[in-house]
Amino acid sequence: MVAFPDDYMTLVPKLLVETMGVLGASFASRLNLATGDAVPETKTLTKGVMDLLSGNLPKGINIQTKHLEALIDLHNVTGSFARNVQHLFAESELRVLIDTLKAVYSPFESFKQKYGKMERAILSSEIAVVDLRGAVTRGVGAQGIELSETVRRMEESIPQVVVLLQAAVERCIGFTGGSEADELILALDDIMLQYISMLQETLKSLRAVFGVDGTGDGVSSEKRESSRKMDLSSNEEWSIVQGALQILTVSDCLTSRSSVFEASLRATLARLNSSLSISLFGTNLDQNLSHLTSEQTAGDLSMAGRASLEVAAIRLVDVPEKARKLLNLLEQSKDPRFHALPLASQRVAAFADTVNELVYDILISKVRQRLGEVSRLPIWSSSEEQTAFPLPSFSSYPQSYVTSVGEYLLTLPQQLEPLAEGISTNGDSNNEDAQFFATEWMFKVAEGATALYVEQLRGIEYISDRGAQQLSVDIEYLSNVLLALSMPIPPVLATFQTCLATPRDELKDVMKSEAGSELDFPTANLVCKMRRISFD
């Protein structure tokens, strides 16, 4: 058996460093080609991941997860060799050991420096193939089907995307040991923005499909035509309402999943902070790097994770500026207020607002359709027919436009129940949340309907006594609906009802009486103008 010379602790590491210095460039080139072999398209072209990043390949050939996974597999083999070197030469001088391990990993350095770009390209390609559209635009009577299918796909895509992001975190730890965590965060933030933009575009397309993408106070002819089509089927109408309410689950799912993922990412960054701080600046640095594999340092991380932390320490020990910036970032992650994905967090909140707006617009669209022409109804200016003999007076009945709105509002709580029940699956506290959810949306739609109605009433230029009597009955009906929903009657609406129900020749006296103090005077004056009552 041939024994090593006495100074093998110096000679062998030196041999490794010099050998890798000679073979480094060739080794890196072979690594590049090996990554290309993992995917048939790049294998055929004899190209690798670095060629993909340079953009020199035909359009349509993109970097894939398999490319990076192949690189990580090769890196793991190198890691096993590096750990053996570390074990054999644990008693060597620290500087010698660091230089030796850096030389072993040196062929991977150019890949690690471009890790952020690789990860961003991979995730971008994976996100781009997520199919959010539920179906092609369908004919009349199938909008509800399209909406439900689209919402289902949107909701199912959220956990799929989170899995992709979690895989990226694992790749970062596995390949760079967390030394490129800052680049990872930037990539994840950008990809989340890309995904949320896709969700926003889907919401925009749904607005167009259901005719709620218009602006302004009036209802466009296109939207009125759309409303007439949707009126053909009551079941379809409620199917659309149910689909709209389901969009709220998409918003809730995105908010909760992104929050959980960000918390998990913060925890990962905090573990990296603890491990790297000890590795780079701790009390054990003056001995050797073997402490990185101890249970005390690595905590509950796997063996692969402990090996990765060695990689990070080896990379960062000679680049103090990069180490300082990274550790500053990791230190911030311990603050509960820290947002690992700051831009994405803001965009998630904005998406929730957009969803609420869309759902509200869909829920209020029927009300808007029914009330769109109220101010111009001919009955307001009609007069009593003159006859030779007095006829008995009969009570007026509310008109169809207001009974349709009232029936819709009274039925809406039943439509909210299934979604509210979906929220209340885990006990009494969620039961309260579900009740609050249903009440909040019921009030929101009812308040919106009342505001639209009042807006139409303000647009009536002239109203006869007969018209005033009819409108008073209409308002009374809607007021009773609001009371049935446990909603207060807005003072403006109550004033309209009082002033219209009062005989024309008595209205001025009512306004001057004690009861008149409860009226909304701008509204009362408007009714006087509508009824051609002068105070002169």
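The values are calculated or read from the model by the stated rules, or taken from the named source; none is laboratory data. Keep in mind that what you see is a predicted model, and the values were worked out from it rather than measured. Backbone-built Cβ (ideal geometry, glycine too); neighbour counts: all protein chains shown.
With the requirement that a residue be of a type in the set (Phe, Trp, Tyr) and closer than 13 Å to Ile475 by Cβ, what does segment 450-464 give you? Break it down stepwise before answering.
Narrowing segment 450-464 to residues of a type in the set (Phe, Trp, Tyr): 453, 462.
The one that is of a type in the set (Phe, Trp, Tyr) and closer than 13 Å to Ile475 by Cβ: Tyr453.
Check Asp51, Asp73 and return the single one that is under 22 Å from Thr176 (Cβ atoms), among the acidic types (Asp, Glu), assigned to a helix (DSSP H, G or I) and at pLDDT below 90.
Answer to the selection: Asp51.
Which residue is surrounded by the fewest Cβ atoms within 10 Å (Cβ to Cβ), if the candidates are limited to segment 322-346 and must be touching a residue at least 60 places away in the same chain (Cβ under 8 Å) and not in a helix (DSSP H, G or I)?
Lys334
Just to be sure before I move on: is Tyr453 touching a residue at least 60 places away in the same chain (Cβ under 8 Å), of a type in the set (Phe, Trp, Tyr) and exposed (fewer than 15 other Cβ atoms within 10 Å of the Cβ) in the structure I sent?
no
Could you tell me which of the residues Leu526, Leu507, Leu483 is under 22 Å from Ser400 (Cα atoms) and assigned to a helix (DSSP H, G or I)?
The unique qualifying residue is Leu483.
Under the condition of being outside any helix (DSSP H, G or I) and of a type in the set (Ser, Thr, Tyr), which residue from segment 435-477 is nearest to the chain's Cα centre (by Cα)?
Going through segment 435-477, the residues outside any helix (DSSP H, G or I) turn out to be 459-464.
Still in the list and also of a type in the set (Ser, Thr, Tyr): 462, 464.
Values: Tyr462: 48, Ser464: 52 Å.
Within segment 435-477, the match that is nearest to the chain's Cα centre (by Cα) is Tyr462.
If Leu254 passes every condition in (1) at pLDDT 90 or above; (2) not in a helix (DSSP H, G or I) but one, which one does it miss?
Exception for Leu254: condition (2).
For (1) assigned to a loop (DSSP other than H, G, I, E, B); (2) surrounded by 19 or more Cβ atoms within 10 Å (Cβ to Cβ); (3) not hydroxyl-bearing (Ser, Thr, Tyr), each residue gets a yes or a no:
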{"position": "Gln86", "(1), (2), (3)": "no, yes, yes"}
{"position": "Glu91", "(1), (2), (3)": "yes, no, yes"}
{"position": "Val96", "(1), (2), (3)": "no, no, yes"}
{"position": "Ala103", "(1), (2), (3)": "no, yes, yes"}
{"position": "Lys112", "(1), (2), (3)": "no, yes, yes"}
{"position": "Arg120", "(1), (2), (3)": "no, yes, yes"}
{"position": "Ser125", "(1), (2), (3)": "no, no, no"}
{"position": "Arg133", "(1), (2), (3)": "yes, no, yes"}
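Could you say whether any residue in segment 465-475 is of a type outside the set (Asp, Glu) and closer than 26 Å to Leu245 by Cα?
Looking for residues that are of a type outside the set (Asp, Glu) and closer than 26 Å to Leu245 by Cα, one finds none in segment 465-475, hence no.
Kindly indicate whether Leu71 is touching a Phe, Trp or Tyr at 6+ places or on another chain (Cβ under 9 Å) and loosely packed, with under 13 Cβ neighbours inside 10 Å.
Answer is no for this residue.
Looking for whichever is hydroxyl-bearing (Ser, Thr, Tyr) and modelled with pLDDT of 90 or more here; the options are Ser157, Ser148, Ser205. Which one fits?
Values: Ser148 fails: modelled with pLDDT of 90 or more; Ser205 fails: modelled with pLDDT of 90 or more.
Of Ser157, Ser148, Ser205, the one residue that is hydroxyl-bearing (Ser, Thr, Tyr) and modelled with pLDDT of 90 or more is Ser157.
Criterion first (of a type in the set (S, T, N, Q) and buried (at least 21 other Cβ atoms within 10 Å of the Cβ)) does Gln369 satisfy it?
Answer is yes for this residue.
Considering each of Pro107, Pro13 in turn, give the residue that is crowded, with 19+ Cβ neighbours inside 10 Å, in a helix (DSSP H, G or I), at pLDDT below 90 and not assigned by TED's automatic domain parsing to the domain that holds Val319.
Answer to the check: Pro13.
Could we say that Ile173 is in the same structural domain as Ser274 (by TED's automatic domain parsing), part of a helix (DSSP H, G or I) and surrounded by 24 or more Cβ atoms within 10 Å (Cβ to Cβ) here?
Values: in the same structural domain as Ser274 (by TED's automatic domain parsing): yes; part of a helix (DSSP H, G or I): yes; surrounded by 24 or more Cβ atoms within 10 Å (Cβ to Cβ): yes.
Yes, satisfied.
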